[in-house]
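What follows is a short report on a single structure.
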Amino acid sequence: MKRKGTAYGDEGFSEFIKMAFRRHLGHDESDYEKPVIGIANTFSEVNRCHSHLEPIVDAIKDGIIMAGGTPLEFPTISIGEMFTSPTTMLYRNLVAMDTEEMISAQPIDGVVLLGGCDKMAPAQLMGAASANKPAILFTGGPMNNGEYKGRTLGACSDCRYFWQEYKAGTVSDEEINDINKQLAPTAGHCMVMGSASTISSCSEALGMMLPGAAAVPATFNERMNLARQTGKTIVDQVRNNLTPSKIMTKKSFENAMKLLMAIGGSTNAVIHLIAIAKRLNIEITLDDFDRISSETPFIGNLRPAGKYQMQDLYFAGGIPAILKELEGLLHMDELTVTGKSLKENLKDVAVEPEYRDVIRTVSDPLHKDGGIVVLKGNLTPDGAIIKPKAVINKKMLKHRGKAVVFTSLDDMEERINDPELEVDENSVLILQNAGPVGAPGMPEAGMIPIPNKLLKQGIRDMVRISDCRMSGTAFGTVILHVAPEAAVGGPIGLVKTGDIINLDVDKKELNVEISEEEFAQRKAGWTQPENHGRGYEWLYRKHVLQANEGCDFDFMLPTNDGRENT
């Protein structure tokens, strides 16, 4: 197979020297006449959700060899949500750049992307989309369910729930420690429908992952079998030149968006799907998400907006079963990594009656519309999002209250539990300067903590607004991704404590009750913060796009210099 060589100015010499250095693996010339498959191995002991990937890599290699290919494992950056400071979102684009350049630069014909934790799979799909060599995604899978005193536990919805109860004084020191031991009981990523599970699920709907691969728990035998099948599949993709641009079309993105709404998936997927699509010159907007949400029934009864977890979904038939229920709403002729259409992949799929509480029918859904609503108004002209089905106090979906403003993450941490803070259950907590540029990196701080003095009064939900994100495992009346963000002059940065905020989710509106003249006066007194610092953080602040645009770097979008995907 013809592959790009190292630039020595002599193509023959380039191939000669490469072969000399390959022989230490025991290979000979015939091995490189086969499809050469790279495995982007993101194993890491720091990234806990990827610490079990080595046996999976071995199974993928077995599949590649069985299908007549030659596997070559190589490392790329690996970031884990709990262990990356200040936030993994700051480094998603760096992972995407690393992935793209390694796919493009190395003499491989196709690639298996090995993901898992929240930002890894979207970053890998962004990079693979731009490189546009045959690619397939596989993940380490979700953890098994945890349990404490007969109650099923799920990371990290229960991390947040029990920590909040601990702060309220309803859970003891001993109990919180015992619970901590059971929250993440096995290898794998979070087992509720958080960001990791959501993007894996959406990848199935996009066609970039084998059917059923998203929900199989990390510890189950079937995950190893699917790893082997993934290795076989990528060899076929190379032989058929089945590239990401042939699979990830506008219609396949619409399929992924419909699945997202049907499972009550993470708000983070909105940013990621926009970013992946932009790498392929496909434009999807917040208005598309809002339209699709209004047309798509919520049928996946999954936490944090429902009752069950990924292990339960696996037994109920996984993502293929949900896609089968949605088939009347989907573009069923879209191509997938199997070389078959979505319709062909799902032809033998059915949901057993015993699992109808996990996966509802379209005619008898949990909710008639999807899990995400886009809000607009003078506080968020370019849009913000909320998960109404994950709201605890439904009365908060229509709310009018005084703003309590925190100007930064540090300000919030310093004052949120101050006994003298003027705040009550009707207040609207607002966090500024926590967006892509402001933080930087848009951390998962949007689930602003309920002040301790209110927790002890029994308050468990308040309206909270920010220009940052929250974990897909989180919950509450939390409005996120407000755009434009405060740090670039967005209206959220002009709000002051005491301003009246008006939220109406049914009308899809979010406004602050001040006049245009007052807004103009405040804007006239605003100055943009300077971009201090150096290196990657400086580059990030200078070039990152806003949340409604996917938060990619402006210079990573397709250009007219021959590198764009066609």
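Looking only at the stretch 456-487, count every residue that is open to solvent by 20 Å² or more (accessible area, probe 1.4 Å) and more than 24 Å from the chain's Cα centre (by Cα) and tell me the total. Count: 5. The one condition from (1) part of a helix (DSSP H, G or I); (2) touching a Gly at 6+ places or on another chain (Cβ under 7 Å) that residue 74 does not meet is (1).
For residue 394, are the conditions met, namely being touching a residue at least 60 places away in the same chain (Cβ under 8 Å) and of a type in the set (Lys, Arg)? Walk me through it before giving the result.
Values: touching a residue at least 60 places away in the same chain (Cβ under 8 Å): no; of a type in the set (Lys, Arg): yes.
It is false that residue 394 is touching a residue at least 60 places away in the same chain (Cβ under 8 Å) and of a type in the set (Lys, Arg).
In a residue-by-residue description of the stretch 43-60, the property of being among the aliphatic types (A, V, I, L, M) and either more than 36 Å from the chain's Cα centre (by Cα) or open to solvent by 30 Å² or more (accessible area, probe 1.4 Å) (or both) applies to at least one position.
When the stretch 248-257 is filtered for residues that are crowded, with 23+ Cβ neighbours inside 10 Å and of a type outside the set (Gly, Ala, Ser), the ones remaining, listed by number, are 248, 253, 255, 257. A single entry from 146, 150, 80 fulfils the requirement of being without any contact (Cβ under 8 Å) to a residue 60 or more places away in the chain and open to solvent by 10 Å² or more (accessible area, probe 1.4 Å): 150. Only a single item in (1) touching a residue at least 12 places away in the same chain (Cβ under 8 Å); (2) farther than 30 Å from residue 59 by Cβ is not met by residue 291, and it is number (1). I'd like the residue in the stretch 357-366 that is open to solvent by 20 Å² or more (accessible area, probe 1.4 Å), assigned to a loop (DSSP other than H, G, I, E, B) and touching a residue at least 12 places away in the same chain (Cβ under 8 Å) and, out of all such residues, is farthest from residue 291 (Cα to Cα). By that ranking, first place goes to 357. Taking (1) at pLDDT below 90; (2) within 28 Å of residue 236 (Cβ to Cβ); (3) not acidic (Asp, Glu) in turn, residue 39 satisfies each apart from (1). For the stretch 527-551, the set of residues classified as polar (S, T, N, Q) and open to solvent by 80 Å² or more (accessible area, probe 1.4 Å) consists of 527, 528, listed by residue number. Which of the residues that make up the stretch 367-389 are farther than 18 Å from residue 257 by Cα and either small (Gly, Ala, Ser) or open to solvent by 10 Å² or more (accessible area, probe 1.4 Å) (or both)? Correct list: 376, 377, 378, 381, 382.
Across the stretch 335-356, the number of residues qualifying as touching a residue at least 60 places away in the same chain (Cβ under 8 Å), of a type outside the set (A, V, I, L, M, F, W, C) and open to solvent by 30 Å² or more (accessible area, probe 1.4 Å) comes to 3. At least 1 residues being modelled with pLDDT of 95 or more and of a type in the set (Phe, Trp, Tyr) is the threshold, and among the strands (runs of 3 or more DSSP E) wholly inside the stretch 367-433 those reaching it are 398-406.
Could you please find all residues in the stretch 168-183 being open to solvent by less than 50 Å² (accessible area, probe 1.4 Å) and either within 26 Å of residue 50 (Cβ to Cβ) or modelled with pLDDT under 95 (or both)? Hits for the stretch 168-183 are 168, 179, 183. For the structure I just gave you, tell me whether residue 88 is open to solvent by 10 Å² or more (accessible area, probe 1.4 Å) and under 17 Å from the mean Cα position of the chain (by Cα). No. When the stretch 308-323 is limited to residues that are without any contact (Cβ under 8 Å) to a residue 60 or more places away in the chain and open to solvent by less than 10 Å² (accessible area, probe 1.4 Å), the one that is farthest from residue 354 (Cα to Cα) turns out to be 321.
Looking at the stretch 50-71, which of the residues that are part of a helix (DSSP H, G or I) and of a type in the set (Val, Ile, Thr) is farthest from residue 33 (Cα to Cα)?
Step one: list which residues in the stretch 50-71 are part of a helix (DSSP H, G or I), which gives 50, 54-66.
Restricting the remaining residues to those that are of a type in the set (Val, Ile, Thr) gives 56-57, 60, 64-65.
On the way: 56: 25, 57: 22, 60: 20, 64: 14, 65: 13 Å.
Checked the stretch 50-71; the qualifying residue farthest from residue 33 (Cα to Cα) is 56.
For beta carbons closer than 7 Å, sequence separation of 6+ or different chains, a first residue in the stretch 125-137 that is closer than 10 Å to residue 38 by Cβ and assigned to a strand (DSSP E or B) and a second that is open to solvent by less than 10 Å² (accessible area, probe 1.4 Å) and not hydroxyl-bearing (Ser, Thr, Tyr), the qualifying pairs are 135/110; 135/111; 135/113; 135/128; 135/244.
Taking the numbered list (1) within 16 Å of the chain's Cα centre (by Cα); (2) under 30 Å from residue 35 (Cα atoms); (3) β-branched (Val, Ile, Thr) in turn, residue 270 passes all entries but (2).
A residue that is part of a strand (DSSP E or B), open to solvent by less than 20 Å² (accessible area, probe 1.4 Å) and in contact (Cβ under 8 Å) with a residue 60 or more places away in the chain occurs somewhere in the stretch 102-111.
For residue 125, the conditions (1) within 15 Å of the chain's Cα centre (by Cα); (2) over 23 Å from residue 53 (Cβ atoms) all hold with the exception of (2). Closer than 29 Å to residue 223 by Cα and open to solvent by 20 Å² or more (accessible area, probe 1.4 Å), is that true of residue 68? In short, yes.
Among the residues making up the stretch 434-455, those that are assigned to a loop (DSSP other than H, G, I, E, B), closer than 19 Å to residue 160 by Cβ, out of contact with any strand residue (DSSP E or B) (no Cβ under 6 Å at 6 or more places or on another chain) and open to solvent by 10 Å² or more (accessible area, probe 1.4 Å) are 443, 444, 445, 449. Scanning the stretch 293-335 for residues that are farther than 24 Å from residue 210 by Cα and either touching a helix residue (DSSP H, G or I) at 6+ places or on another chain (Cβ under 6 Å) or hydroxyl-bearing (Ser, Thr, Tyr) (or both) yields 293, 294, 304, 305.
The values are calculated or read from the model by the stated rules, or taken from the named source; none is laboratory data. In this text the structure is predicted, and so the values were computed from the model without any measurement. Neighbour counts run over all protein chains shown; Cβ positions are idealised from the backbone, glycine included. The accessibility values were calculated without ligands, DNA or RNA, using every heavy atom of the protein model including side chains. Shrake-Rupley method; radii C 1.70, N 1.55, O 1.52, S 1.80 Å.
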